[in-house]
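Colleague: Sending over a structure as structure tokens; questions will come in a sec.
The values are calculated or read from the model by the stated rules, or taken from the named source; none is laboratory data. Owing to the predicted nature of the structure, the values given are computational and were not obtained by experimental measurement. Ideal geometry is used to build each Cβ from the backbone, glycine not excepted, and the neighbour counts take in all protein chains shown. Quick note on the areas: whole protein, heavy atoms, side chains included, nothing else; ligands and nucleic acids left out. Shrake-Rupley method; radii C 1.70, N 1.55, O 1.52, S 1.80 Å.
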Amino acid sequence: MSLNIIVEDRIPYIEDVLTPAGHVSYLPAEQITPEVMRSADALITRTRTRCDSALLDGSQCRFIATATIGTDHIDLPYCASRGITVANAPGCNAPAVAQYVMAAILAAHPEGVHGLTVGIIGVGNVGSIVEHWVRSLGMNVLRCDPPRAEAGHPGPWASMEEIAESADVITFHTPLTLTGVHPTHHLASPEFLASLRRKPMIINAARGPVTGTADLLAAHRAGTVGPIVIDCWEGEPDIDPGLLAATFIATPHIAGYSREGKIRATAMAVDAFSRHFGVSVNPLPVDIPPAPPTSVTADAILSTYHILDDDKALRSTPAAFESLRNHYLLRPEPK
């Protein structure tokens, strides 16, 4: 079997890995066009390639792997209707996002974090690591995840109302969903933000529209929120200058950009490709990272990630959002 494979050129550690399976073209996202995809059997991409009918009508593509956690950029019903298998990389960068959250909390509380109450909304791959690491630094945790609670996952579980009442820090780790029983679009609603009692720090390192720009700005003006930390923005890369000015920390969607996270993502995409087509591929040129630690120290976080440097870079040149993201120097995860 000789396959025609399209790979977005910003995916690290993948060069020459797929060559035993066929012809591989490495292209920037803007060059992955309907014309390119017409003769492609497979696509391995990231979030900047919108995989839908506009890209894939008339294509022979039957497999898409995204080297990311999310699939917001992929029209899943369309792909299913066309018999296109879709694979993502759940949990690949969860330790890096947890590292980002911890670095933000430590930056906002240089006097110490022991005894703070952290509300974690969404306790999946990322939220569960945040929970372990927060507890290891002596903070208290309120866990909110209605879908998991209703599915019978062990608690205790807190409501959004309890988090609004008691949390000093609120961090979001949900997917972006528009429908269903518990949609997450604008989950930080005006009503929720108005109900905050402790002027908490708000962190969005999940998906931009989980926290609405206008709603956060209104809460900032009303004084109901404390430090705002935004890594994921509505409308990115064209971010709102008013929200940028209101933030304590602003970064260009790089919370998950660790070296280990990128290795995991590429390995998961390659593995899914190999299994789907039943082909052998070359090994990655790097070792697969071990599982993240169950606890961290403040020194381990602060020595591996200088979050304020990323804030300074975006704040000085907001128009460089995409360039900062594409040329980001991958950081190590805490050990």
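Colleague: Residues in segment 96-105: is at least one surrounded by fewer than 19 Cβ atoms within 10 Å (Cβ to Cβ) and either aromatic (F, W, Y) or at negative phi (or both)? Don't jump to the end; show me each part of the working.
Modeller: Step one: list which residues in segment 96-105 are surrounded by fewer than 19 Cβ atoms within 10 Å (Cβ to Cβ), which gives none.
No; the residues of segment 96-105 include none that is surrounded by fewer than 19 Cβ atoms within 10 Å (Cβ to Cβ) and either aromatic (F, W, Y) or at negative phi (or both).
Colleague: Still on this structure, I have one more. I'd like to know if segment 23-35 contains one or more residues that are in contact (Cβ under 8 Å) with a residue 40 or more places away in the chain and not in a helix (DSSP H, G or I). Step through it out loud before you land on a result.
Modeller: Initial filter on segment 23-35 (in contact (Cβ under 8 Å) with a residue 40 or more places away in the chain): none.
No, that holds for no residue.
Colleague: Failed condition for H153, given (1) over 22 Å from E234 (Cβ atoms); (2) open to solvent by less than 30 Å² (accessible area, probe 1.4 Å); (3) not basic (K, R), with all others met?
Modeller: All conditions are met except number (2).
Colleague: Ok, one more. Tell me whether segment 51-71 contains one or more residues that are within 24 Å of E260 (Cβ to Cβ) and in contact with a Pro (Cβ under 8 Å, 6 or more places away or on another chain).
Modeller: Yes, some residue in segment 51-71 is within 24 Å of E260 (Cβ to Cβ) and in contact with a Pro (Cβ under 8 Å, 6 or more places away or on another chain).
Colleague: Which members of segment 72-83 meet the condition of being under 29 Å from G261 (Cα atoms) and either open to solvent by 50 Å² or more (accessible area, probe 1.4 Å) or touching a residue at least 60 places away in the same chain (Cβ under 8 Å) (or both)?
Modeller: Within segment 72-83, D72, L76, P77, A80 qualify.
Colleague: Just the residues that are modelled with pLDDT of 95 or more and assigned to a loop (DSSP other than H, G, I, E, B), please, taken from segment 293-328.
Modeller: Result: P293, T294, S295, V296, T297, Y305, H306, T317, Y328.
Colleague: If you go through segment 285-331, how many residues are open to solvent by 30 Å² or more (accessible area, probe 1.4 Å), touching a His at 6+ places or on another chain (Cβ under 8 Å) and within 30 Å of D240 (Cα to Cα)?
Modeller: 0
Colleague: Across segment 1-47, what is the total count of residues that are open to solvent by 30 Å² or more (accessible area, probe 1.4 Å), within 18 Å of T85 (Cβ to Cβ) and of a type in the set (A, V, I, L, M, F, W, C)?
Modeller: Here the count works out to 1.
Colleague: Looking at segment 250-281 only, could you name the residues that are open to solvent by 30 Å² or more (accessible area, probe 1.4 Å) and within 20 Å of G208 (Cα to Cα)?
Modeller: H253, the sole residue that qualifies.
Colleague: Look at C61 and say whether it is in a loop (DSSP other than H, G, I, E, B), touching a residue at least 60 places away in the same chain (Cβ under 8 Å), of a type outside the set (F, W, Y) and open to solvent by less than 20 Å² (accessible area, probe 1.4 Å). Can you show your working first?
Modeller: Details: in a loop (DSSP other than H, G, I, E, B): yes; touching a residue at least 60 places away in the same chain (Cβ under 8 Å): no; of a type outside the set (F, W, Y): yes; open to solvent by less than 20 Å² (accessible area, probe 1.4 Å): yes.
Against the criterion (in a loop (DSSP other than H, G, I, E, B), touching a residue at least 60 places away in the same chain (Cβ under 8 Å), of a type outside the set (F, W, Y) and open to solvent by less than 20 Å² (accessible area, probe 1.4 Å)), C61 does not qualify.
Colleague: Kindly establish whether I64 is modelled with pLDDT of 95 or more and β-branched (V, I, T).
Modeller: Details: modelled with pLDDT of 95 or more: yes; β-branched (V, I, T): yes.
Spelling it out, I64 is indeed modelled with pLDDT of 95 or more and β-branched (V, I, T).
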